[in-house]
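Let me begin by presenting the structure, written as structure tokens, before commenting on it.
The values are calculated or read from the model by the stated rules, or taken from the named source; none is laboratory data. A quick note: this is a predicted structure, and the numbers were derived from the prediction, not measured. Positions of Cβ are generated from backbone atoms using ideal geometry, with glycine treated the same way; all protein chains shown enter the neighbour counts.
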Amino acid sequence: MRFDLQSLKLFVAVCEHGSIARAAEAENIAPSALSKRMSQLEDMLKTALFVRSNKGLELTTAAAALLQHARVLLRDINQMESELLDHAEGLRGQIRLHASLSTIVQYIANDIRDFVALHPSLRIDLQESLSPAVVRAVAENTADIGVFGGTTLNPGLQVFPYHSDRLVVIMPPDHPLSRAEKVKFSEVARYPLVGPQAGSYLNSLVLRAAADLDYPLKLSIRVNGFEPVRSMVEARLGVGLVPEHHARRYVSSAPLVAVQLDEAWAERHWKICVREAESLPATVQLFLKHLLARRAVSGASGAQE
């Protein structure tokens, strides 16, 4: 049984778009030609791959299995082509990293800097995403390594601890809570709150905590990122939750104060996920070991402070 790589690529496109017409448009091919390709693929496999419904094309069990293998195969071929191109350009490898914005700012930027200093021939393609999208990208083989928070898991992935941070509350210096050493979330939630981005790790923590309140949460506005949180708090649109790493800079450069959030969930735990560490390309394994080693060093340093 011989598979045509172009047909597999088109098959993946049909699965992702859920439609022959949309996939044909995306891949710049006539719908009739694409439909013929799918029929030939079904004939070769001697099984149906799609079931037509009101919602479009639905994958059969055979199609779902083929999709998983096709993505891996196409990923490996793309990786091979990229590495060969890199060799021609004096480089020797590419690593696809997806991570949440908070970890990029606090940890990953420095980790990448030190890794590239040790291995200047390697290239890292970094993409910022919300934690659920990070896990999904690794599971679907569009990312080699993911850094995420929360309990968004996929049973097919390996997960390693990375770093932890602690949330504090920033507010104007004349806010009623500004003189407290620490505050409970129930106290904070009585005032307007600058809400985190929907779907983010922080948003999931806030919503779970709000579910235990006997009064509604006062979300004055939602923003994406901690710099906008600071701007909204400075504009007196509410108090904000940010990691201590950010709060130290904000308090030193703006009329704001930071108060400790006295909740167990205020300590956030970030994780690294990969498909199968042993089967990853050598360059990806090298970077994974670097991240885990940096975590270990950071943890040891923190224990001494």
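Please work out if L205 is part of a loop (DSSP other than H, G, I, E, B), over 27 Å from D144 (Cβ atoms) and touching a residue at least 40 places away in the same chain (Cβ under 8 Å).
no
Looking at the structure I just gave you, is F226 aromatic (F, W, Y), crowded, with 16+ Cβ neighbours inside 10 Å, out of contact with any Phe, Trp or Tyr (no Cβ under 7 Å at 6 or more places or on another chain) and under 20 Å from I104 (Cα atoms)? Criteria met by F226. Residue pairs whose Cβ atoms lie under 6 Å apart, sitting 6 or more positions apart in sequence or on different chains, and linking a residue in the stretch 1-25 that is under 13 Å from L67 (Cβ atoms) to a partner that is of a type in the set (G, A, S) and not in a helix (DSSP H, G or I), are G18/G56. Checking each residue in the stretch 244-274 for being surrounded by 20 or more Cβ atoms within 10 Å (Cβ to Cβ) and either of a type outside the set (A, V, I, L, M) or under 19 Å from the mean Cα position of the chain (by Cα) (or both) picks out H246, Y250, W270, K271, I272, C273, V274.
Pull up the stretch 275-295, narrow it to residues that are surrounded by fewer than 19 Cβ atoms within 10 Å (Cβ to Cβ) and either touching a strand residue (DSSP E or B) at 6+ places or on another chain (Cβ under 7 Å) or of a type in the set (D, E, K, R) (or both), then point me to the one that is modelled with the lowest pLDDT.
Across the stretch 275-295, the extreme among qualifying residues is R294.
Could you look through the stretch 10-38, keep only residues that are of a type in the set (V, I, T) and part of a helix (DSSP H, G or I), and pick out the one that is nearest to R75 (Cα to Cα)? So the residue we want is V12.
So, in the stretch 157-189, exactly how many residues are hydrophobic (A, V, I, L, M, F, W, C) and under 24 Å from the mean Cα position of the chain (by Cα)? Lay out the reasoning, then the answer.
Initial filter on the stretch 157-189 (hydrophobic (A, V, I, L, M, F, W, C)): 157, 159-160, 167-171, 177, 180, 183, 185, 188-189.
So of that shortlist, the ones also under 24 Å from the mean Cα position of the chain (by Cα) come out as 157, 159-160, 167-168.
Residues flagged as hydrophobic (A, V, I, L, M, F, W, C) and under 24 Å from the mean Cα position of the chain (by Cα) within the stretch 157-189 amount to 5.
Scan the stretch 147-183 for residues that are touching a helix residue (DSSP H, G or I) at 6+ places or on another chain (Cβ under 8 Å), surrounded by 18 or more Cβ atoms within 10 Å (Cβ to Cβ) and part of a strand (DSSP E or B) and the total you get is 11. Within the stretch 54-72, the residues that satisfy the criterion of being over 11 Å from F11 (Cβ atoms), part of a helix (DSSP H, G or I) and touching a residue at least 12 places away in the same chain (Cβ under 8 Å) are A62, V72.
Count of the stretch 155-188 residues, restricted to those that are more than 20 Å from N203 (Cα to Cα), in contact (Cβ under 8 Å) with a residue 12 or more places away in the chain and not aromatic (F, W, Y), is 14.
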